[in-house]
């Protein structure tokens, strides 16, 4: 009787784990559509694939005015995988992600940012082994590291999930448009927690204001007065 019960519990546990895995995979693959918003610079000129310098990042708001995101021009291609669209542009080097860390929601703010794209090599630990890689997103609040060339997968630290991915489109002139978000987003929780400060920082009466037909992209080092690097 005891053996049968153990086998039954084992079977149920396996079925539940499989269902959870299927659900998680589905949530990553699904994309929620938001306003199709053109990325523009502060002078209202279009953000194009060619205007982005390889190895640099900009901050733009999407899908809400108060939720910051990265758009990054990598020095390599980012190939689509596991429901993630991968990079856009002829060389598949341009990617975009929510800039809200999936651990404690660290994010770029006007005074300071603890989460940044790092073009240079950084050191981090994976399963107790030291690694040294470049082209990563590093959050110095709790030492989480993400790989933007692989869907912002977590390489190190306490982050429980990849950064939410921002879906991009490119028109015939190479201009970039944000069209949706996929993966585990934290927009509501983020705005609930930081709403008062975000309203002041962005000059909003409602922090749940969605972006319009365009959203301004600013070089990361100009967006935040101080960037914390670790």
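The values are calculated or read from the model by the stated rules, or taken from the named source; none is laboratory data. Predicted model, so just to flag it, every value in this text is computed and none were measured. Cβ atoms come from the backbone with ideal geometry, glycine included; neighbour counts cover every protein chain shown.
Would you check if there is a residue in the stretch 201-210 being touching a helix residue (DSSP H, G or I) at 6+ places or on another chain (Cβ under 9 Å), in a loop (DSSP other than H, G, I, E, B), at pLDDT below 95 and surrounded by fewer than 17 Cβ atoms within 10 Å (Cβ to Cβ)?
No - not one qualifying residue is present in the stretch 201-210.
Counting just the residues of the stretch 52-70 that are outside any strand (DSSP E or B) and touching a helix residue (DSSP H, G or I) at 6+ places or on another chain (Cβ under 8 Å), which one comes out surrounded by the fewest Cβ atoms within 10 Å (Cβ to Cβ)?
Residues of the stretch 52-70 that are outside any strand (DSSP E or B), as a first pass: 52-55, 62-63, 65-67.
With touching a helix residue (DSSP H, G or I) at 6+ places or on another chain (Cβ under 8 Å) added as a condition, the list becomes 63, 65-67.
Working: 63: 23, 65: 19, 66: 22, 67: 28.
In this case the residue turns out to be 65.
Name the pairs whose Cβ atoms lie under 7 Å apart, with the first residue in the stretch 184-203 and over 29 Å from residue 83 (Cβ atoms), the second surrounded by 17 or more Cβ atoms within 10 Å (Cβ to Cβ), and 6 or more positions between them or separate chains?
Partner pairs satisfying both residue conditions: 195/207; 198/66; 198/191; 198/207; 199/207; 201/109; 202/65; 202/66.
Among the candidates 166, 137, single out the residue that is modelled with pLDDT of 95 or more, in contact with a helix residue (DSSP H, G or I) (Cβ under 7 Å, 6 or more places away or on another chain), within 17 Å of residue 57 (Cβ to Cβ) and surrounded by 20 or more Cβ atoms within 10 Å (Cβ to Cβ). Let's see the steps before the verdict.
Numbers: 166 fails: in contact with a helix residue (DSSP H, G or I) (Cβ under 7 Å, 6 or more places away or on another chain).
Result of the check over 166, 137: 137.
Step by step: first the residues of the stretch 169-181, then only those that are in contact with a strand residue (DSSP E or B) (Cβ under 8 Å, 6 or more places away or on another chain) and surrounded by fewer than 20 Cβ atoms within 10 Å (Cβ to Cβ), then the one that is farthest from residue 104 (Cα to Cα). Which residue is that? Talk me through it step by step, then tell me what you get.
As a first pass, look at the stretch 169-181 and keep what is in contact with a strand residue (DSSP E or B) (Cβ under 8 Å, 6 or more places away or on another chain): 169-171, 173-181.
Cutting the leftovers down to surrounded by fewer than 20 Cβ atoms within 10 Å (Cβ to Cβ) gives us 169-171, 173-175, 179-180.
Numbers: 169: 30, 170: 32, 171: 35, 173: 38, 174: 35, 175: 33, 179: 26, 180: 23 Å.
Ranking the candidates gives 173 first.
State the number of residues belonging to the stretch 211-226 that are within 21 Å of residue 142 (Cα to Cα) and buried (at least 17 other Cβ atoms within 10 Å of the Cβ).
Going through the stretch 211-226 one residue at a time, the tally reaches 2.
Across the stretch 71-98, which residue is nearest to the chain's Cα centre (by Cα) among those that are outside any loop (DSSP other than H, G, I, E, B) and modelled with pLDDT under 95?
Just the residues of the stretch 71-98 that are outside any loop (DSSP other than H, G, I, E, B), to begin with: 71-73, 81, 84, 88, 94-98.
Then keep just the ones that are modelled with pLDDT under 95; that gives 81, 84.
Values: 81: 16, 84: 12 Å.
Per the criteria, the residue is 84.
Cβ-Cβ below 6 Å, separation at least six or inter-chain, first residue in the stretch 40-65 and free of Cβ contacts under 8 Å to residues at least 12 places away in the same chain, second crowded, with 19+ Cβ neighbours inside 10 Å: which pairs?
none
Going by the structure shown, is residue 82 surrounded by fewer than 16 Cβ atoms within 10 Å (Cβ to Cβ), touching a helix residue (DSSP H, G or I) at 6+ places or on another chain (Cβ under 8 Å) and over 15 Å from residue 228 (Cα atoms)? Steps first, please.
Numbers: surrounded by fewer than 16 Cβ atoms within 10 Å (Cβ to Cβ): yes; touching a helix residue (DSSP H, G or I) at 6+ places or on another chain (Cβ under 8 Å): yes; over 15 Å from residue 228 (Cα atoms): yes.
So residue 82 passes the test.
State whether the residues of the stretch 213-220 include one that is free of Cβ contacts under 8 Å to residues at least 12 places away in the same chain, part of a loop (DSSP other than H, G, I, E, B) and closer than 20 Å to residue 40 by Cβ. Working first, answer last.
First pass over the stretch 213-220, keeping only residues free of Cβ contacts under 8 Å to residues at least 12 places away in the same chain: none.
No, the stretch 213-220 contains no residue that is free of Cβ contacts under 8 Å to residues at least 12 places away in the same chain, part of a loop (DSSP other than H, G, I, E, B) and closer than 20 Å to residue 40 by Cβ.
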